[in-house]
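Step one of this worksheet: look at the structure below.
The values are calculated or read from the model by the stated rules, or taken from the named source; none is laboratory data. Not measured: the values here are computed from a predicted model. Neighbour counts are summed over all protein chains in view; Cβ atoms, including those assigned to glycine, are modelled from backbone coordinates with ideal geometry.
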Amino acid sequence: MVPLDEMPMTPHTRPGRIEIVAGVMFSGKSEELIRRVRRALIAKHRVRVFKSHLDERYEGVYRVSSHTGVSVEAEPIDRAEEILRAIGDADDIDVVAVDEVQFLDAGIVEVATHLAERGVRVILTGTDTDFRGEPFGMMGHLMAIAEEVTKLQAICVVCGDLACRNQRLVNGMPARWDMPVVMVGGSESYEARCRRCFRIPRHDEDQVALL
Ligand SMILES: [Zn+2]
């Protein structure tokens, strides 16, 4: 038998893996994804970058951009299966990176698992909790099945502590618990806040009293 360290690294024997970069908004997730993609490109790895269509900040859907202005090319997708369709049965892909994974359907679990089993390094970034502080989309599931999870925190804009929550504001007031997780065309904004400064009024509570 050939010892493991003498086996040729063909595409079929590469060790695949799933890496998750999770955290609240403004925690530097996209910057971290860009950093990993750039390092993979320097190593001459073949990389495909995808991005959920729902996110149209900054340079639009064709780039992954960080708040600090750096960006990489990305292909927009609406559904997880589009990743496999875009790649086809190409054996020459080393890295697949996906940004804003929390907006994708449950199929992302199967897609990521399938790619890792094919020997692909899968890097997924996403907001792990929604505006209620609850697991966002499939992020919790993906964090459980990943080889490596990096959880980033932002800075609380109220007290300066580390922030682990996305505070949704509607017209400057904390959004109520019964609002939809994804708002389309609303006049909402978000702040990074710590657990203590996070506010999520229930429908039977007075929002003003909680401010
Ligand atoms: Zn705080």
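Candidates in the stretch 92-121 are the residues that are charged (D, E, K, R) and in a loop (DSSP other than H, G, I, E, B); of these, the one that is surrounded by the most Cβ atoms within 10 Å (Cβ to Cβ) is E100.
Checked against the criterion of being farther than 24 Å from A192 by Cα, out of contact with any Gly (no Cβ under 6 Å at 6 or more places or on another chain) and at pLDDT below 85, the stretch 56-65 contains one or more residues that satisfy it. For V170, indicate whether it is at pLDDT 95 or above and surrounded by 15 or more Cβ atoms within 10 Å (Cβ to Cβ). So V170 fails the test. The residue of the stretch 177-201 that is modelled with the lowest pLDDT, among those that are within 16 Å of the ligand (Cβ to nearest atom) and in a loop (DSSP other than H, G, I, E, B), is I200.
Suppose the filter is touching a strand residue (DSSP E or B) at 6+ places or on another chain (Cβ under 8 Å), assigned by TED's automatic domain parsing to the domain that holds R17 and surrounded by fewer than 22 Cβ atoms within 10 Å (Cβ to Cβ); does D89 pass it?
Criteria not met by D89.
Looking across the stretch 132-172, the residues that are within 16 Å of the ligand (Cβ to nearest atom) and part of a loop (DSSP other than H, G, I, E, B) come down to G133, Q153, C156, V157, V158, C159, G160, D161, C164.
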